[in-house]
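Notes for the one structure printed next.
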Amino acid sequence: MADVKLLGTWPSPFSYRVILALKLKGIDYEYIEQDLSNKSPLLLQSNPVYKKIPVLIHGGNPISESMTILQYIDESWPETHPLLPADPYGRAVARFWIKFAEEKLSSASMIFRTSGEEQGKAVRETVEVMEILEEHAFGSLKEKGFFGGEKVNMVDLAYGVMGRWFDAIEECSGVKVIDPLKFPLFCGWAERFNEAPVIRDNLPGRKELVDFYKRRREMMLAAAAAASN
Amino acid sequence: MANNNNNGDVKLIGAWPSPFVMRPRIALNIKSVEYEFLQEQFGSKSDLLLKSNPVHKKIPVLLHNDKPICESNIIVEYIDEVWSAGPSILPSDAHDRAVARFWAAYVDEKWFPNVRGAAAASSEEAKNAAVDQLKEGMALLEGAYVEISKGKDFFGGEKIGFIDIAFGSMLAWLRALQVMLGGVKLLDEEKTPGLCKWAAKFSADPAVKDVLPETEKIIEFAKLLVAKIKAAAASS
């Protein structure tokens, strides 16, 4: 089997989507941590359009954009742990929610990057997105289930970042966005996701994540303050 | 509704000027699937649309035996998978498929926002910035076309494929924009010769020619749309 390399950065949730998919499928790979402040020739050559991680390189061929990578992984290693439903309609619905995640979850990252009114706006936008998800997406899951039924699939991976990462962002930003009383279906799913086989052994540690985002937040707020002086 | 050769009941909620709606129309034509085209009235949203796409409330929506499928590129993938006996739209190789999805997403996420930006710009500066971005995008797409087509007519090779549909559906608007911006060249014989040839072939394809509107019709429609966008911006 041709070799598999993953260019990523710790603790990027986009990197982790790919790591978790590779682990679920039992695929061996070489992980190469990237320094985004000093981008490697390999990264620039592999993703010349966006120059971003994650990038999967399989047999020398690069693939970028985390959810495109996940579809590629699912199609290239179809025998173990399918990451999409078999029927076209189920797949169309899965792709819809994956696209929604890609478009709408960025407001959440603004929560730890900002303060005051800007942060308030990011929180409101995130809550609006959560309301849609709670009603239309998590509402369709059975009590013990995942988007993939009994097993985690690509949609679960797309949203999986929201559990452990959101938790860390909330702690270091001092804002509570995900109220378990308001979003019981999401919270139930997030707990199940964090405890799922393979997932539970491959998530970043909570303390490390909180420390990381605390430092990032301090840096970003300091830079913003310096820029406005 | 006629039996439609066991294709089931196929309806498409959309509107003729929308490039996103053109995508599933082209895909259905490629697969020779008959469908009922339910056109929305400009400026209002039908109950059927709101019920079928409650999350985004946007066109296109494909209704296949009353089950809704939303998001144009996702609808095209669905059409390709359901009507798998017809000519294939996505490539068969996994890496080629990833490349196809990458460029289709690029058109929507990076290139198209600048079309809106250029058309509805409130200042000369903003317009020029959007046009510069569009030209950069065209250069990237020219490079992608040369690499992916490997000397054949289309991104998909000898026949239209996923990237052709995703980007080709933009051609009527691209041509209209060139006129509306006073002759700005986005399709440029010198800078994007490959795309110029590709655009002519794509527009003439049997699956496309009755779907891509005439440039003049889009220009007329664009005036209405720009007025609506500006009014909305003024009142917010």
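The values are calculated or read from the model by the stated rules, or taken from the named source; none is laboratory data. Predicted, not measured: the structure shown is a model, and the values here were computed from it. Don't worry about glycine lacking a Cβ; one is built from the backbone with ideal geometry, like all the others, and counts go over all protein chains shown. The protein model used for the area step is the full one, side chains on, heavy atoms only, and it has no ligands, DNA or RNA in it. Shrake-Rupley method; radii C 1.70, N 1.55, O 1.52, S 1.80 Å.
For every residue, the table says whether it meets (1) over 30 Å from A:PRO62 (Cβ atoms); (2) crowded, with 16+ Cβ neighbours inside 10 Å; (3) more than 10 Å from every other protein chain (Cβ to nearest Cβ).
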position: B:ASN6; (1), (2), (3): yes, no, yes
position: B:ARG23; (1), (2), (3): no, yes, yes
position: B:TYR35; (1), (2), (3): yes, yes, yes
position: B:PRO91; (1), (2), (3): no, yes, yes
Open item on the list: Can you tell me which of (1) assigned to a loop (DSSP other than H, G, I, E, B); (2) open to solvent by less than 20 Å² (accessible area, probe 1.4 Å) is the one A:PHE186 doesn't meet?
Closed with: (1)
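Looking at A:LEU22, A:LEU56, which is the one that is closer than 11 Å to A:VAL4 by Cβ and in contact with a Pro (Cβ under 9 Å, 6 or more places away or on another chain)? Talk me through it step by step, then tell me what you get.
Working: A:LEU22 fails: in contact with a Pro (Cβ under 9 Å, 6 or more places away or on another chain).
That would be A:LEU56, the only listed residue that is closer than 11 Å to A:VAL4 by Cβ and in contact with a Pro (Cβ under 9 Å, 6 or more places away or on another chain).
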- [ ] Give the residues of segment B:105-126 that are within 16 Å of the chain's Cα centre (by Cα) and more than 10 Å from chain A (Cβ to nearest Cβ), sorted by residue number.
- [x] B:VAL107, B:TRP111, B:PHE112, B:PRO113, B:ASN114, B:VAL115, B:ARG116
- [ ] Could you look through segment B:160-184, keep only residues that are at pLDDT 95 or above and outside any helix (DSSP H, G or I), and pick out the one that is farthest from B:ASP80 (Cα to Cα)?
- [x] B:MET170
- [ ] Kindly list the number of the only condition in (1) at pLDDT 95 or above; (2) more than 9 Å from chain A (Cβ to nearest Cβ); (3) open to solvent by 20 Å² or more (accessible area, probe 1.4 Å) that fails for B:ARG97.
- [x] (2)
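Results for (1) at the interface with another protein chain (Cβ under 9 Å from one of its Cβ atoms); (2) surrounded by fewer than 20 Cβ atoms within 10 Å (Cβ to Cβ), shown as yes or no for each residue.
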site	(1), (2)
A:LYS52	no, yes
A:VAL55	no, no
A:ASN61	yes, yes
A:LEU83	no, no
A:ALA108	no, no
A:THR114	no, yes
TODO: Would you please list the contacts, defined by Cβ atoms under 9 Å and residues six or more apart or on different chains, that run from a residue in segment B:117-137 that is farther than 22 Å from B:ALA227 by Cβ and modelled with pLDDT of 90 or more to a residue that is surrounded by fewer than 17 Cβ atoms within 10 Å (Cβ to Cβ) and among the acidic types (Asp, Glu)?
DONE: B:LYS135/B:ASP188
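Can you tell which of B:ASP66, B:ASP93 is touching a residue at least 40 places away in the same chain (Cβ under 8 Å) and among the charged types (D, E, K, R)?
Values: B:ASP93 fails: touching a residue at least 40 places away in the same chain (Cβ under 8 Å).
Checking each option against the conditions leaves just B:ASP66.
Out of the residues in segment B:46-56 that are more than 9 Å from chain A (Cβ to nearest Cβ) and assigned to a loop (DSSP other than H, G, I, E, B), state the one that is surrounded by the most Cβ atoms within 10 Å (Cβ to Cβ). Spell out the reasoning first.
From segment B:46-56, those more than 9 Å from chain A (Cβ to nearest Cβ) are B:46-53; that's our starting set.
Now restrict to residues that are assigned to a loop (DSSP other than H, G, I, E, B): B:46, B:53.
Details: B:SER46: 14, B:ASN53: 20.
Across segment B:46-56, the extreme among qualifying residues is B:ASN53.
Return yes when A:ARG95 is part of a helix (DSSP H, G or I), basic (Lys, Arg) and either closer than 30 Å to A:SER228 by Cα or open to solvent by 20 Å² or more (accessible area, probe 1.4 Å) (or both) and no when it is not. So that I can check it myself, show each step before the final result.
Working: part of a helix (DSSP H, G or I): yes; basic (Lys, Arg): yes; either closer than 30 Å to A:SER228 by Cα or open to solvent by 20 Å² or more (accessible area, probe 1.4 Å) (or both): no.
Taking the combined requirement at face value, the residue does not satisfy it.
Quick grid of which residues meet (1) surrounded by 15 or more Cβ atoms within 10 Å (Cβ to Cβ); (2) more than 14 Å from every other protein chain (Cβ to nearest Cβ); (3) among the basic types (Lys, Arg):
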| site | (1), (2), (3) |
| --- | --- |
| A:GLY8 | yes, yes, no |
| A:SER15 | yes, yes, no |
| A:LYS23 | yes, yes, yes |
| A:ASN38 | no, yes, no |
- [ ] Run down B:ILE59, B:ILE69, B:ILE75 and say which single residue is open to solvent by less than 60 Å² (accessible area, probe 1.4 Å), more than 9 Å from chain A (Cβ to nearest Cβ) and modelled with pLDDT of 95 or more.
- [x] B:ILE59
Task: Candidates B:PHE102, B:PHE42, B:PHE20, filtered to the one that is in a helix (DSSP H, G or I), in contact (Cβ under 8 Å) with a residue 12 or more places away in the chain and under 28 Å from A:ILE132 (Cβ atoms) - done: B:PHE20
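Here is a list: B:PRO113, B:PRO87. Which entry is part of a loop (DSSP other than H, G, I, E, B) and closer than 24 Å to B:VAL208 by Cα? Explain how you work it out, then say what you get.
Values: B:PRO113 fails: part of a loop (DSSP other than H, G, I, E, B).
The unique qualifying residue is B:PRO87.
Pick out the one residue from A:PHE112, A:PHE147, A:PHE96 that is of a type in the set (Phe, Trp, Tyr), touching a helix residue (DSSP H, G or I) at 6+ places or on another chain (Cβ under 8 Å) and without any contact (Cβ under 8 Å) to a residue 40 or more places away in the chain. Step through it out loud before you land on a result.
Numbers: A:PHE112 fails: without any contact (Cβ under 8 Å) to a residue 40 or more places away in the chain; A:PHE147 fails: without any contact (Cβ under 8 Å) to a residue 40 or more places away in the chain.
Result of the check over A:PHE112, A:PHE147, A:PHE96: A:PHE96.
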Open item on the list: With the structure loaded, tell me whether A:VAL123 is in a helix (DSSP H, G or I), in contact (Cβ under 8 Å) with a residue 24 or more places away in the chain and away from chain B (no Cβ under 14 Å) or whether it fails that test.
Closed with: yes
